[in-house]
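Step one of this worksheet: look at the structure below.
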Amino acid sequence: MTASREQFGSRIGFILAAAGSAVGIGNLVGFPVNAAKNGGGAFLLVYALFIVLFCLPVMLAEISAGRFSRRSPLGTYQALSSGSKFWSIGGWLALITPYMVGVFYSVISLWILAYLVMTVTGDLATLANPDFFGTFINSGSVFIYLGVLAVMVISILQGGVKDGIERAAKTMMPALFLMLIGMVIFVLTQDNAMAGVRFYLIPDLSKINMQVINGAMGQAFFSLSLGMGILITYGSYMDRKASIASSSKLVALTDTGVAFTAGLMILPAIFSFNPDVNPDELSDSSVALIFTYLPKIFLALEGTMGYTGASFVASIFFLLVFFAALTSLVSIIEVPVAGVMDSWNASRKQALIKIGVTMIVVAAACTASFGMVDSLTNFVEYGGGSKSLFDLVYDTFYDTILPLNGFLICMLVSFRWKKANLDKELEIGDPNYKGSLLERYVNISLETFIPLILLFVFVDTVLLKFFGYSLI
Ligand code: PHE
């Protein structure tokens, strides 16, 4: 335990930083499209149930483990298992996972940064050309944007927990909320917007099946930044006066609120652009939606608002998504940085250089794997086809490893660290927690069905992604 560990300066600082991590591209684009295609209001209900019944206990476990150990995930797994070699595997996974998720998230974030710069500088018409995205991701300029993005992330992290991460979240998160609300108000005043709202909210129970339920769970787990070591790390910077349970509830509420509100922006925008759209046919990928479909919608505003007005709305949208991406990126890169600082006694600067330089190299390789370099584009064969380096990183670290990490943290906390210690940590700063219904629920769920489901999802995802076979 280090006496001089950095800390968040206030409870709201922790909440905004954790919410900054949770609110990301997944909330703003992935969630609305998923919800619209998979039963609208019915999906929202399933999603909300997963957040409360499934994700909240894991969130409490991660934050408590981190606050107790005051270490990065590697140190936390060691401290809670009294130095067991076996359990340090979990710690290593919780360091490598955010490193690799950080790599693929950087690639998508740098594209968003580029689109932001281009809308601000008057290139909206170029972005709206359906062929532009494919050409852009294979152009040399992506490396410049990668460099600019790296400088931004590194300068925030160099400021440390309070003056870097917390300050950035306190500036960007309120701005993000304001821009989101502004966009929703604007979109709802457009023709046909209400058709989108209806499509988004009216429940269609017939769409709910096992695949949709599995998808809702995966989306909820990813959205709250679970299984990535982030909440262990942020928990280790939390002071011992605040209640973990009430802070976590606020983070989950903010994250879900933003995802829900984003639906009121995306779906009405799609319907007002094309009232006959069949959302079932919208692409599954958030990438296609952000980078090819939405620019067309923004350009269509030219008719009523002029080119400058349309570019302004597009700039606000990309700034909003960029802020969401940047606060998530900062949180995920802090995990390996904290790991290097803790385990190798490095200064923040040394850790940032080590992690920063190596990550830029791997991210640049992923950036070049969309056609620029053939050996990276056709990197491996699995799941019935040739995959790029980016695909491999995405398939392995986005949906496969996260449930495994979630399973490991549940097992560590329930069976190695023991529930009594978890309860004790959760009672600090929260006298009402002792004996509460939540306490009983957390204890039972974390040692029974939550890890079982996570293990099942892990096995099923490996079978599906790499062998083309599903258990459900
Ligand atoms: N919650 C983020 C999202 O919805 C997920 C994430 C967090 C991804 C941190 C990367 C880093 O996009």
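Results, tabulated for the structure shown:
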| quantity | calculated |
| --- | --- |
| For segment 237-385, alpha-carbon Rg over 2.2 N^0.38 Å | 1.43 |
| Segment 1-57: trypsin sites (Lys or Arg not before Pro) in DSSP coil with no more than 11 other Cβ atoms inside 10 Å | none |
| Selection of chymotrypsin sites (Phe, Trp or Tyr not before Pro), segment 314-391, meeting DSSP coil and at most 12 other Cβ within 10 Å | Trp344 |
| Mean Kyte hydropathy of 1.6 or more with a Cα span along the axis of at least 24 Å, helices from DSSP in the chain | 141-158, 167-188, 449-467 |
| Projected area averaged over orientations for the chain, convex hull of C-alpha atoms, nm² | 21.1 |
| Label-reachable residues, segment 28-63, where backbone N falls under 17 Å from a point 7 Å from Glu447's Cα toward its Cβ | 57-58, 61-62 |
| Scaled radius of gyration (Cα, divided by 2.2 N^0.38 Å) that segment 177-289 gives | 1.32 |
| Ordering of 218-229, 394-405 by burial proxy (mean other Cβ atoms within 10 Å per residue, highest first) | 218-229, 394-405 |
| Mean separation of Cα contacts under 8 Å, 6 or more apart, over the residue count of segment 4-126: relative contact order % | 11 |
| Accessible area (Å², per residue) of segment 174-325, counting only protein heavy atoms and a probe of 1.4 Å | 39 |
| Cα centroid separation - segment 317-387 against segment 57-114, whole Å | 15 |
| Separation between Cα centres of segment 192-249 and segment 443-461, rounded to whole Å | 17 |
| Sparse-neighbourhood loop sites, trypsin sites (Lys or Arg not before Pro) in segment 206-242 - DSSP loop, at most 15 other Cβ within 10 angstrom | Arg240, Lys241 |
| Cα gyration tensor shape of segment 37-134, rounded if a/c is under 1.5, else prolate or oblate by comparing a/b with b/c | oblate |
| Heavy-atom accessible area order for Met172, Met210, largest first, 1.4 Å probe | Met210, Met172 |
| Percent accessible area from carbon and sulfur atoms, the chain, protein chains only, probe 1.4 Å | 67 |
| Solvent-accessible heavy-atom area per residue, rounded to whole Å², over segment 360-472 at 1.4 Å | 47 |
| Å² per residue, accessible surface of segment 97-166 at 1.4 Å | 34 |
| Extension reserve of the Thr308-Ser4 stretch, reckoned as 0.36 nm per residue once the Cα distance is removed | 104.3 nm |
| Under 28 Å from Lys85, Cα to Cα: lysines that are on another chain or at least 8 residues apart | Lys354, Lys418, Lys419, Lys424 |
| Full-extension gain in nm, Ser436 to Val373, via 0.36 nm per residue minus C-alpha separation | 17.0 nm |
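The values are calculated or read from the model by the stated rules, or taken from the named source; none is laboratory data. Worth saying up front: this structure is predicted, and the values here are computed from it rather than measured. Virtual Cβ from ideal backbone geometry, glycine too; neighbours counted across all protein chains shown. Heavy atoms of the whole protein, side chains included, go into the accessibility calculation; ligands, DNA and RNA do not. Shrake-Rupley method; radii C 1.70, N 1.55, O 1.52, S 1.80 Å.
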